[in-house]
1. Taking amide hydrogens as modeled 1.01 Å from N in the peptide plane, which residues meet the under 5 Å criterion relative to A:Thr161, leaving out close sequence neighbours?
2. If you plug each phi of region A:185-192 into the Karplus form 6.51 cos²θ - 1.76 cosθ + 1.60 with θ = phi - 60°, what whole-Hz ³J(HN,Hα) values come out, in order, with x for Gly and Pro?
3. Within straight cross-link reach of A:Lys178, meaning Cα distance under 19 Å, which aspartates and glutamates are found once same-chain residues fewer than 8 apart are removed?
4. Kindly write out, for region B:247-256 in residue order, the coupling ³J(HN,Hα) from the Karplus curve 6.51 cos²θ - 1.76 cosθ + 1.60 (θ = phi - 60°), rounded to whole Hz, with x marking Gly and Pro.
5. Sort shortest first the distances from B:Asp272 to its counterpart in every other copy, using label points 7 Å along the Cα-to-beta-carbon line, and give them in nm.
6. Would you order B:Met334, A:Met295 from fewest to most other beta-carbon atoms within 10 Å of each residue's own beta-carbon?
7. Highest GNM mean-square fluctuation, chain B, Cα pairs closer than 10 Å: which of B:Gly84, B:Gly262, B:Gly214?
8. Put a point 7 Å out from Cα along the line to Cβ at B:Leu193; what are the distances to that point in the other copies, in nm, shortest first?
Protein chains: 2
Amino acid sequence: MPKRCGLHTIRLPSGPAILGYAAVGGKKEGEGPLGGQFDAIFRDARLGQETWEQAESALQREALSRAVTKAGLETEELQMLFAGDLLNQNIASTYGLREMGVPLLGQFGACSTMGQTMAVAAVFVDSGAAAPCGAVTSSHFCTAERQFRFPLEYGGQRTPTSQWTATASGAVVVGQGKGVRIRRVCVGRVQDLGVTDMNNMGAAMAPAAADTIGRFLRDTGTVPGDYDLIATGDLGAVGSALCRQMLSRQGITLGDNYTDCGLLLFDRQRQDVHAGGSGCGCSASVLCAHILPQMEQGQLKRVLFCPTGALMSPTSSQQGESIPGICHVVELVME
Amino acid sequence: MPKRCGLHTIRLPSGPAILGYAAVGGKKEGEGPLGGQFDAIFRDARLGQETWEQAESALQREALSRAVTKAGLETEELQMLFAGDLLNQNIASTYGLREMGVPLLGQFGACSTMGQTMAVAAVFVDSGAAAPCGAVTSSHFCTAERQFRFPLEYGGQRTPTSQWTATASGAVVVGQGKGVRIRRVCVGRVQDLGVTDMNNMGAAMAPAAADTIGRFLRDTGTVPGDYDLIATGDLGAVGSALCRQMLSRQGITLGDNYTDCGLLLFDRQRQDVHAGGSGCGCSASVLCAHILPQMEQGQLKRVLFCPTGALMSPTSSQQGESIPGICHVVELVME
């Protein structure tokens, strides 16, 4: 049964386990440093579908189906799905999962969604409300570009601070059993320091990461050195440097164990992604392709997974609004 | 601690209570049959804001602040907020609640969102993960029309099956204490029978309502006659008639205790709303303005609140996709 820990952190005494997990990606993700670690790479950006949106839905289906299989389960054994994405009205999730026949609670936290789905799934599993649960999210470069920026055909120049939306999906099955455990979670508060540049979302999200990581460490009485890895979501080069600075002002020093999923997914020098990767699928696929396997093999024992999200829409940006950020922290342990 | 009940229903033994609730609406809602029951009516569709989107955010802030005050609490005492709306990237919620400093989990279930936020909040409260929690949602006729249909200035003709998006917000504070209790919840599965007409969303959502209500009744061994009121979300005239038919094919007969929030909010003859009201704010405000007060006064003792959502986006509809529906059932009791 979940317990409150400090001000806002939730402790999950039963230790909900990640029974299965999977990551799938597109061609560019396959060519990146983690390419060989994905469960599947699709070289066709459409995955044989008619539209990019359908392709993104297919990514979610692929990731979730593989995670369920790796958990030794059938889809219909899932009691609940927590899923979300960047598309208007969460259509990648809704259309992607509509035929599964499993109760669905759509989650929206922009690129922080993987942390959100895992946190809520962990509470449902730990409390006995529903288990096992699926948690899945996705992004697709082509659906995101045309929705948030320009038609691809326009070939717009990208600024140095911009990030590259991952074509990827990550999925986990959370339940009672063996595996990496979710021990504590800390849900984010919206932070907005007034950044308005849609091409510098790392800077917009950094305050949220510093806020939630700081709260989590204070709530739990831990320090960064207690963790083998602290990985923010998709702050990229600009945002992760800012996050370090902001935490240091709270008296918290991040060491070499700190990295960002947006810096891991692509080779920034070779792959022309500017400040790094982004999108819900970025942190989700880095978690499932790269972090969880290392935890299962015992190379990492305690990890803070801290995906970050920028909560603006094209409408709010056109109206001159600043970009609010959010970050959720999920503590993962392998015993 | 939540318990599984039947196949998919979740029982909440501690009986999380609705400690406070509030409904706010626009001019047309104020002129409807429930006008006098709202906590506040704003005759200015902009609520003094610069944009309709900001006005919708203000509706959420108003509803939630009033619910918190009626619960005898301060906003900062809330441990978690569950909020969502119809706007792309949930901006009504994000921007509306960003200054509250409370952890936020954005929920997306289209017009079913009030049921979803209440169900998840009830699990968090019952399990001890976070209490008290706020659950809030909104819609605004002007933001919805321009996002989903046409610019208002275009003055498009509306079909007889179309519904009128409510300018309204409803909010509840769920916690341990006195009040109407959330006893059981049943989360919806996506249902899609192939309806593609964006002007007939009642028909698109009816199968989801019949599915979740049917599952809830079977899981709990209850019949419609056990409830003083069964209120679907915003099926309107077309969808609620279909819902009756579909449940009757499952051997379930809805009696005079069945109604739909979309039929209650407006006077269909007098207010030119065609098949009825719709939008996240429709069922949320009918619940908070009309149903919960009757429960507190003892006029209604057992209620099934069953908001329904149509999960399409303009993109999916333009691509020829059908409209998936979803419905969540929340059982409310006053003892």
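1. Distant-sequence amide H within range of A:Thr161: zero hits.
2. Those phi angles translate into 9, 9, 7, x, 9, 5, 10, 8 Hz.
3. A:Glu74, A:Glu77, A:Asp126, A:Glu296, A:Glu331, A:Glu335
4. Computed from phi, the couplings for region B:247-256 are 5, 5, 5, 8, x, 10, 9, 7, x, 5 Hz.
5. Inter-copy label distances (nm, one decimal, shortest first): 5.4.
6. B:Met334, A:Met295
7. Evaluated over chain B, the most mobile residue of the options is B:Gly214.
8. B:Leu193 label point versus its equivalents elsewhere: 5.3 nm.
No lab work stands behind these numbers, since they all come straight from the coordinates. In this text the structure is predicted, and so the values were computed from the model without any measurement. Neighbour counts are summed over all protein chains in view; Cβ atoms, including those assigned to glycine, are modelled from backbone coordinates with ideal geometry.
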